[in-house]
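Reading through the structure tokens given below for one structure.
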Amino acid sequence: MPKSTITFVCTECGGESLRWAGQCPHCRAWNTLQEFQVRKAGKDPRPKSIQPARAVALTDMATEDAPRTRLEWGELNRALGGGIVGGSLVLIGGEPGVGKSTLLMHAAAQVARSGKVLYVSGEESGQQVRMRAQRLGALEPAILLLAESDLETICGVIEAERPKLAIIDSIQTVTDGGLDGSAGSVTQVRESAARLMRLAKEINVPIFLVGHVTKDGSIAGPRVLEHIVDTVLYLEGDRRQELRLLRATKNRFGSAEEIGVFAMGESGLEEVPDPSAAILAGAAATAPGTAIVATLEGTRPLLVEVQSLTNKNESGMLRRIANGIDVNRLHMILAVLEKRLNRSFAKSDVFVSVAGGIRITEPAADLGLALSIVSNEESRPMPDGLVVIGELGLSGEVRRVGHLERRLQEAARHGLTRALIPAGSRAGRPSRLDIVEVRSVAEAVSAAFSSPIRSGTFIKEATHGLLRR
Ligand code: TYD
Ligand code: MG
């Protein structure tokens, strides 16, 4: 009986296939399949239980939540689903340089105030890690450092130390001598993670794994681990900007929709418990082309500034550039503006971006984006204190969005005074907001800019008119 068999795993989506192919059969990415060695155990490693397994009535099942270690930062607890669960394996993914090691050193310092933390670094020397910790104010004697990349050695130290938290920075540097392949290959990354998962569960020590997201396929990215680990968090943000979002995409112990918000500064990261305020503080005051939208990240409303710039370009090489927004969404919005408002972007470059390096993942920002484009084109700023909420349909209709009430409350709480919302929304309305319901993008434009617009569409003279005072 063979000791191992070979399959192939896509470094992009983590999908498996039995044969090698140039294109991944699951996600259709090219040249991403890597050989993966599956180890077959010689005999069944599971201990024979003395008693036969017994099923338990659902109602007799214990209800208590998994006990958690809570960190000082509420933003970290939030992203983790309420704190660190004992024996859990958590993957922290992100592009190189985004701040994963920094974030984990902060977390280590917070846990170290009540217990031992083992920080395993295969990427940096002990001195480098110490220097960073010093800069962050995280020089805690209860943080133990291990510069090591051999899996068995790492597991041995975790077992001997039984820390309150173990951090492996990064999983792509860990190697198991018993396996083929170099550090970072799919085989090494997956088998090492699976071994650490078993260890975490056996001795009830939570383990955090750092996983670099890389564009080139030579090392396996965090995606090949997503189905192994309990929790997946991605740290996002533009390296040149301050804000960082820690986004949960999988959590066996809590909501997988939460985000934590942080800001990178001179002495590391700080949590940002009120991101809307931070974003609004940096917002460009009523410049043409900017709009405030209210998006929802998990259960959390966020006021975000979107910006547009349209620029005449006769060369025929049109540019459509979207930062923080899906570029296909931008194409759709431009098409709707062309068709429903008779605008033409056939001779214009269009750039849109979300301030602060934030990425918008839901369509409720469509209408705000559309208005910001119109605002820039007409060189007319949007009214002061206006928040725009609504999804755009292909026929130019403004569609209702979920959790409108939360979005409106967030706007009111931050001193905004007016809101454009989809018509027919049934939501409680904060009394401090002037609310205008709009049915179409044309109505929204006329309400926001309070004058008949340049359009082939007939628009009833400002039916709502609240914005016209
Ligand atoms: P790092 O945590 O090393 O990123 P990763 O582990 O994800 O690769 O963070 C590196 C970046 O963070 C680097 O560009 C410098 C910046 N940084 C600060 O701006 N302030 C700080 O106090 C620290 C420690 C890093
Ligand atoms: Mg690092």
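The values are calculated or read from the model by the stated rules, or taken from the named source; none is laboratory data. What you are looking at is a predicted structure, and each value in this text was computed from that prediction instead of being measured. Glycine also receives a Cβ, built like all others from the backbone with ideal geometry; neighbour counts cover every protein chain displayed. Accessible surface areas use protein heavy atoms only, side chains included; no ligands, DNA or RNA. Shrake-Rupley method; radii C 1.70, N 1.55, O 1.52, S 1.80 Å.
Within segment 260-315, the residues that satisfy the criterion of being open to solvent by 50 Å² or more (accessible area, probe 1.4 Å), part of a strand (DSSP E or B) and of a type in the set (D, E, K, R) are 270, 271, 312. Among the residues of segment 189-215, which ones are away from ligand 1 (no atom under 16 Å from the Cβ) and either open to solvent by 10 Å² or more (accessible area, probe 1.4 Å) or farther than 17 Å from residue 87 by Cα (or both)? Matches in segment 189-215: 189, 190, 191, 194, 195, 197, 198, 201, 202, 203, 204.
Here's the yes/no breakdown for (1) within 16 Å of ligand 2 (Cβ to nearest atom); (2) in a helix (DSSP H, G or I); (3) in the same structural domain as residue 245 (by TED's automatic domain parsing):
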| site | (1), (2), (3) |
| --- | --- |
| 98 | yes, no, yes |
| 110 | no, yes, yes |
| 118 | no, no, yes |
| 129 | yes, yes, yes |
| 140 | no, no, yes |
| 154 | no, yes, yes |
| 160 | no, yes, yes |
| 163 | no, no, yes |
| 168 | yes, no, yes |
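Could you please find all residues in segment 316-338 being in a loop (DSSP other than H, G, I, E, B) and surrounded by fewer than 20 Cβ atoms within 10 Å (Cβ to Cβ)? The answer is 316, 317, 318, 319, 326. Quick one: in segment 307-324, which of the residues that are hydrophobic (A, V, I, L, M, F, W, C) and at pLDDT below 95 is nearest to residue 379 (Cα to Cα)? Within segment 307-324, the match that is nearest to residue 379 (Cα to Cα) is 318.
Does segment 54-62 contain at least one residue that is at pLDDT below 80 and of a type outside the set (Asp, Glu)? The answer is yes, given that some residue of segment 54-62 is at pLDDT below 80 and of a type outside the set (Asp, Glu).
This table checks each residue for (1) charged (D, E, K, R); (2) at pLDDT 85 or above.
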residue: 11; (1), (2): no, no
residue: 18; (1), (2): no, yes
residue: 35; (1), (2): yes, no
residue: 43; (1), (2): yes, no
residue: 71; (1), (2): no, yes
residue: 93; (1), (2): no, yes
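The residues listed here are 130, 162, 135, 113; of these, the one that is within 16 Å of ligand 1 (Cβ to nearest atom), over 28 Å from the mean Cα position of the chain (by Cα) and surrounded by fewer than 22 Cβ atoms within 10 Å (Cβ to Cβ) is 130.
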